[in-house]
Amino acid sequence: MNVKNITDRVTYCGVNDRTTAKFENLWSLPYGVTYNSYIVRGSEGAAIIEGCEAGHASRFIGNVIEALNGGKPDYLVVNHVEPDHSGAIPMIKTMWPDIKIVGNVKTIEMIKGFYGVKTGTIEVREGDTIGLGDRTLRFFLTPMTHWPETMVTYLEEEGVAFTGDIFGCFGALDGAVSDDEMADARRYFDEMRRYYACIVAKYGVFAQKTLAKLAPLNITRLCSTHGPVWHSLREEVIGLWSRWAAFEADPGVVVAYGSMYGSTAEMAEELAMRLAAKGIREIRVHDLSHAPLSRVLADVMRFNGLVLASPTYNTEIYPPVAALVEAIISRGIKNRHVAITGSYTWGGQAVRKLGTRLAETGLNILSPTAEMKQSLIGAVKPQLDEIAAAMAQNCLQPAR
Ligand code: FEO
């Protein structure tokens with residue numbers, strides 16, 4: 001069981017998942033993930049906030065039963081319908097047929113579509129409340145963080161914000177739930193950045209709107225759908241998300257390359273050494289055929305410089321490099337200085353095509369490029385020097 005009181009009236013009843021290999025069947029989970037759920041108990045009613053993923057529903061139900069200690073839940077508040085949080089709805093309805101499912105108009109339409117639930121729902125609008133006696137839940141619509149129906153539920157008497165995916169992170173909980181119970185809760189920040197980069201980055205502008213909407217509230221705790229409850233570190237966590245939503249970045253360079261036989265890899269390593277010689281102290285080199293895309297994206301979110309290195313492959317960008325480029329474009333990542341490099345054997349295309357693909361983005365494409373013919377034996381090293389100098393000139397200050 002994973003049941004713990006967060007306050008006198010709020011109980012954590014979420015579930016750790018250490019077996020699923022990939023979140024959304026895409027993003028690796030080396031440290032697992034949580035599906036967070038909470039019970040709020042008022043003097044005249046109890047609400048479950050968030051459900052659980054279907055495969056973990058029976059453990060989740062067991063947690064709810066334990067948390068309610070013989071009581072029945074009156075409401076299930078669905079802040080977000082993505083099935084990692086709503087998959088347990090059929091089992092919840094079976095266990096407690098009279099439970100009222102609370103959501104906005106889009107939530108209710110989605111629940112009907114996913115699970116065939118047509119009755120027993122309560123539609124709420126911006127600012128509406130549901131009373132539980134001496135506790136009150138207020139609802140704020142926060143669309144597109146991460147889906148159109150997403151909303152935040154605010155427990156007014158205690159300042160607890162149930163924020164859906166906002167402030168979430170990968171990583172299971174190791175016994176402790178709240179950051180104050182951990183010696184170093186900041187250890188989750190890397191997985192939070194990776195979660196943001198993979199799941200939420202595309203919706204940065206909506207995340208900013210949500211942060212602005214939450215700003216006037218007196219928030220004592222951030223209870224998201226994934227990862228720890230943030231109490232002591234809540235201001236720091238809000239600050240991190242504000243920076244990411246604005247695509248701010250630290251000084252540093254990601255060197256992301258593809259290489260079939262090692263020549264482009266050698267060029268990337270040469271360039272990384274030149275970057276270090278120019279005083280760049282944060283450099284991350286990734287072979288895109290091996291590095292999980294989520295890790296590379298997390299580094300791209302973190303640092304203000306990016307070097308792409310691609311062989312020409314069937315007259316195109318090498319596929320793993322193309323995949324990273326498309327992931328960056330689809331997330332609308334901005335405020336990064338990007339150098340384009342590549343290689344070819346008899347007809348170069350990758351550098352030109354990378355330049356064309358990136359031309360319409362919010363990225364600053366640096367003018368020096370490097371295109372290597374066959375190997376480093378050729379005359380490419382002066383071009384690498386130029387790129388290292390341009391990167392140092394642009395990237396030694398934070399991106400704002
Ligand atoms: Fe954790 Fe967008 O669901």
- request: Would you be able to tell me the number of residues in segment 70-86 that are in contact with a Ser or Thr (Cβ under 8 Å, 6 or more places away or on another chain), part of a loop (DSSP other than H, G, I, E, B) and either of a type in the set (A, V, I, L, M, F, W, C) or near the ligand (Cβ under 9 Å from one of its atoms) (or both)?
  value: 3
- request: State whether one or more residues within segment 93-109 are in a helix (DSSP H, G or I), among the β-branched types (Val, Ile, Thr) and either surrounded by fewer than 21 Cβ atoms within 10 Å (Cβ to Cβ) or touching a residue at least 60 places away in the same chain (Cβ under 8 Å) (or both).
  value: yes
- prompt: Taking segment 69-81 as the region of interest, how many residues are in contact with a strand residue (DSSP E or B) (Cβ under 8 Å, 6 or more places away or on another chain) and open to solvent by 20 Å² or more (accessible area, probe 1.4 Å)?
  reply: 4
- prompt: In this structure, does residue 236 turn out to be of a type in the set (Asp, Glu), within 16 Å of the ligand (Cβ to nearest atom) and under 20 Å from residue 303 (Cβ atoms)?
  reply: no
task: Taking the options 189, 170, 140, name whichever one is within 15 Å of the ligand (Cβ to nearest atom) and either surrounded by 23 or more Cβ atoms within 10 Å (Cβ to Cβ) or over 20 Å from residue 45 (Cα atoms) (or both).
output: 170
task: Please go through segment 143-162 and pick out each residue that is more than 11 Å from the ligand (Cβ to nearest atom) and open to solvent by less than 10 Å² (accessible area, probe 1.4 Å).
output: 151, 152, 153, 155, 159, 160, 161, 162
message: Quick check on my filter: what residues within segment 110-137 are touching a residue at least 24 places away in the same chain (Cβ under 8 Å), in a helix (DSSP H, G or I) and open to solvent by 30 Å² or more (accessible area, probe 1.4 Å)?
response: 110, 114, 115
statement: Among (1) open to solvent by less than 50 Å² (accessible area, probe 1.4 Å); (2) under 22 Å from residue 278 (Cβ atoms), residue 379 falls short only on (1)
message: Could you tell me how many of the residues in segment 1-55 are under 22 Å from the mean Cα position of the chain (by Cα), among the small types (Gly, Ala, Ser) and open to solvent by 10 Å² or more (accessible area, probe 1.4 Å)?
response: 4
query: Just one of 266, 270, 282 is in contact with a Pro (Cβ under 8 Å, 6 or more places away or on another chain) and either modelled with pLDDT under 95 or not polar (S, T, N, Q) (or both); which is it?
result: 282
Residue that is touching a helix residue (DSSP H, G or I) at 6+ places or on another chain (Cβ under 9 Å), among the β-branched types (Val, Ile, Thr), closer than 22 Å to residue 116 by Cα and within 16 Å of the ligand (Cβ to nearest atom), where the choices are 99, 89: 89
- prompt: In segment 225-262, what residues are assigned to a strand (DSSP E or B), in contact with a Phe, Trp or Tyr (Cβ under 6 Å, 6 or more places away or on another chain) and free of Cβ contacts under 8 Å to residues at least 60 places away in the same chain?
  reply: 254
field: Residue that is under 28 Å from residue 206 (Cβ atoms), among the aliphatic types (A, V, I, L, M) and open to solvent by 30 Å² or more (accessible area, probe 1.4 Å), where the choices are 328, 333, 365
entry: 365
Contacts under 6 angstrom Cβ, first residue in segment 65-87 being under 20 Å from residue 8 (Cβ atoms), partner of a type in the set (D, E, K, R), 6 or more apart: 75/100
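The values are calculated or read from the model by the stated rules, or taken from the named source; none is laboratory data. Predicted, not measured: the structure shown is a model, and the values here were computed from it. In this analysis, Cβ positions are derived from the backbone assuming ideal geometry, glycine residues included, and neighbour counts consider all displayed protein chains. Quick note on the areas: whole protein, heavy atoms, side chains included, nothing else; ligands and nucleic acids left out. Shrake-Rupley method; radii C 1.70, N 1.55, O 1.52, S 1.80 Å.
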